[in-house]
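Presented below is the structure to which this report refers.
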Amino acid sequence: MRQRHIRTDRLTQQILEAGSGPLVLLVHGFPELSISWRAQVEALAAAGFHAVAPDMRGYGGTEKPAERESYSILHLVGDLVDLVRALGEDRCVVVGHDWGAAVAWHCAPMRPDLFTAVAALSVPFQPRRPKGPPTAAMAALAKRAGRGDLYISRFQPEDAHLAFDADPATALRKMFHAYDGATPAARQSSGFIPEGQDFLSTAPEDATLPPWMSEPHFAEYVAAFTAGGFRAPLDWYRCLDLNWAQTAWLQDARIGVPAAFMVGERDPVRHYARAHEAAMQDWIPDLRSQRVLPGAGHWIQQERPDEVNGFLLDFLRSL
């Protein structure tokens with residue numbers, strides 16, 4: 001396993017890679033890095049694949065453009081297209097977790113010739129809404145629930161990242177704790193932020209690291225986000241309405257390539273995404289596997305690496 005920088009058409013990306021054979025891209029989410037995939041890079045390489053996990057645009061050792069609009073879904077998918085070509089390949093399987101899952105789901109209908117199969121963890125496929133931009137829909141969802149704002153709504157203001165930048169170690173510890181499968185239900189995040197609180201104040205002040213997170217591993221995250229900040233990662237969320245405007249051509253598009261999905265039984269994202277889980281078969285004709293992992297939370301590939309590795313290898317071998 002090695003870490004290196006690779007220059008693509010538009011930016012320099014830092015990647016973690018191992019193995020040789022068919023290419024598999026592993027796309028992280030928020031607030032993570034390529035290192036969240038170490039167990040999968042190792043397992044896929046041992047099984048005869050070229051496993052590559054990039055630090056995505058705005059994260060870690062990859063460049064961080066200053067303009068908010070540089071974090072649209074067209075840029076994020078485009079970065080993976082560029083990366084495949086820079087690696088000397090013309091096709092791959094794309095695997096995503098959290099925000100990376102959303103990117104992977106978009107790769108499939110945008111470039112099915114290049115991304116020949118997709119596997120996603122934690123975030124199910126969500127078709128484009130025909131009735132308007134997503135932030136308005138999220139506000140309506142939160143109002144119906146009567147539980148304050150969905151956290152994504154709180155990420156929209158220009159200064160939303162400053163609370164995270166003020167103390168990256170505390171912010172990361174709280175987020176990993178609040179979405180972990182080992183955290184008691186009363187201490188997990190619901191994804192909704194009551195009036196008068198913010199995303200970080202809803203997590204316990206005495207939040208501890210999850211059982212799978214060692215201090216040295218956590219220190220890698222803290223160093224990366226202390227150096228790079230949270231502005232760019234939150235710009236991904238601030239581009240949601242822009243993404244909706246740019247993808248009208250994908251309205252009613254289905255996933256035409258083979259696909260697989262796994263989610264943790266105790267993943268807080270399921271509080272507001274479970275309906276999309278139930279509808280996936282309608283949108284993905286070749287959905288080869290859909291699994292709920294008992295007891296697992298949101299950080300599924302790090303919480304339960306053996307089960308996730310087996311799930312991914314079974315899917316890859318089915319292709």
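Taking GluC sites (Glu not before Pro) that fall in a DSSP loop and have at most 11 other Cβ atoms within 10 Å as cut points, what is the longest piece of the chain between them?
Working: sites that count: Glu67, Glu158, Glu195, Glu205.
Free of exposed loop sites, the longest segment is 206-319.
For region 98-165, what does the alpha-carbon gyration tensor say about shape, rounded, prolate or oblate, given a ≥ b ≥ c as the root eigenvalues, a/c under 1.5 as rounded, and a/b over b/c as prolate? Provide the component values of the computation, followed by the final result.
On the way: a/c = 2.45, a/b = 1.66, b/c = 1.47.
Prolate is the answer for region 98-165, as a/c is 1.5 or above and a/b outweighs b/c.
Provide the percentage of antiparallel DSSP beta bridges, counting only those with both residues in the chain; round to the nearest 5.
Here the antiparallel bridges make up roughly 35 percent for the chain.
Mean-square fluctuation check for the chain, GNM, Cα pairs under 10 Å: which of Gln246, Gln290, Gln14 is largest?
Maximum fluctuation in the GNM of the chain, among the listed residues, is at Gln246.
In nm, what is the difference between 0.36 nm times the number of residues separating His271 and Ala182 and their Cα-Cα distance? Walk me through the numbers on the way to the answer.
Working: separation 89, 0.36 × 89 = 32.04 nm, distance 1.70 nm.
Difference between extended and current length: 30.3 nm.
Computed FRET efficiency, Cβ-Cβ of Ala66 and Ala86, R0 22 Å: what is it to the nearest 0.05? All intermediate terms of the calculation are to be shown ahead of the outcome.
Working: r = 23 Å, r/R0 = 1.05.
Efficiency, rounded to the nearest 0.05: 0.45.
How much length is gained on full extension from Trp249 to Leu319, taking 0.36 nm per residue of separation minus their Cα-Cα distance?
Numbers: separation 70, 0.36 × 70 = 25.20 nm, distance 2.80 nm.
Taking 0.36 nm per residue and subtracting the Cα distance, the gain is 22.4 nm.
Which percent of the accessible heavy-atom area of region 1-75 goes to carbon and sulfur, probe 1.4 angstrom? The partial results should precede the final answer.
Working: 1240 of 2600 Å².
The computed percentage sits at 48.
So how much slack lies between Thr116 and Ala39, counting 0.36 nm per residue of separation and subtracting their Cα-Cα distance, in nm? Don't jump to the answer; show the numbers that get you there.
On the way: separation 77, 0.36 × 77 = 27.72 nm, distance 2.30 nm.
Extending this stretch completely gives an extra 25.4 nm.
Ignoring ligands, DNA and RNA, please state the percent of accessible area on region 187-237 from carbon and sulfur, probe 1.4 Å.
On the way: 1230 of 2210 Å².
Solvent-exposed carbon and sulfur of region 187-237 make up 56 percent of the total.
Can you give the alpha-carbon Rg of region 187-319 over 2.2 N^0.38 Å, where N counts its residues? Write down the numbers at each step before the final one.
Numbers: Rg = 17.9 Å, N = 133, 2.2 N^0.38 = 14.1 Å.
Rounded to two decimals, the normalised Rg is 1.27.
Select from Ala120, Ala140, Ala18 the residue whose mean-square fluctuation is largest in a Gaussian network model of the chain (Cα-Cα springs shorter than 10 Å).
Ala140
What is the Cα centroid distance between region 31-90 and region 99-153, reported in whole angstrom?
Cα centroid of region 31-90 versus Cα centroid of region 99-153: 19 Å apart.
Accessible area per residue, 1.4 Å probe, Å², for region 60-135: what's the number? Please list the in-between numbers first.
Details: 2590 Å² over 76 residues.
Normalised by residue count, the accessible surface of region 60-135 is 34 Å².
Roughly how many Å is it from the Cα centre of region 265-319 to that of region 10-25, as a whole number?
About 23 Å separates the Cα centre of region 265-319 from the one of region 10-25.
Quick one: if you stick a label point 7 Å off each Cα along the C-beta vector at Ala219 and Arg4, how many nm between them?
Label-label distance for Ala219 and Arg4, simple model: 2.7 nm.
Taking only Cα atoms and a 10 Å spring cutoff, compute GNM fluctuations for the chain and point out the largest among Ser122, Ser153, Ser34.
Maximum fluctuation in the GNM of the chain, among the listed residues, is at Ser153.
Could you work out the relative contact order of the chain? I mean the mean sequence separation of Cα pairs under 8 Å and 6+ apart, divided by the number of residues, in percent. Working shown, then result.
Details: 601 pairs, mean separation 64.9, N = 319.
Here the relative contact order equals 20 percent.
When ligands, DNA and RNA are left out and all protein chains stay put, how many square angstrom of accessible area per residue does region 147-224 have with a 1.4 Å probe?
Numbers: 3540 Å² over 78 residues.
For region 147-224, the per-residue accessible area is 45 Å².
The values are calculated or read from the model by the stated rules, or taken from the named source; none is laboratory data. Keep in mind the model is a prediction, meaning the values are calculated, not measured. As a convention, Cβ positions derive from the backbone with ideal geometry for all residues, glycine included, and neighbour counts pool all protein chains shown. Quick note on the areas: whole protein, heavy atoms, side chains included, nothing else; ligands and nucleic acids left out. Shrake-Rupley method; radii C 1.70, N 1.55, O 1.52, S 1.80 Å.
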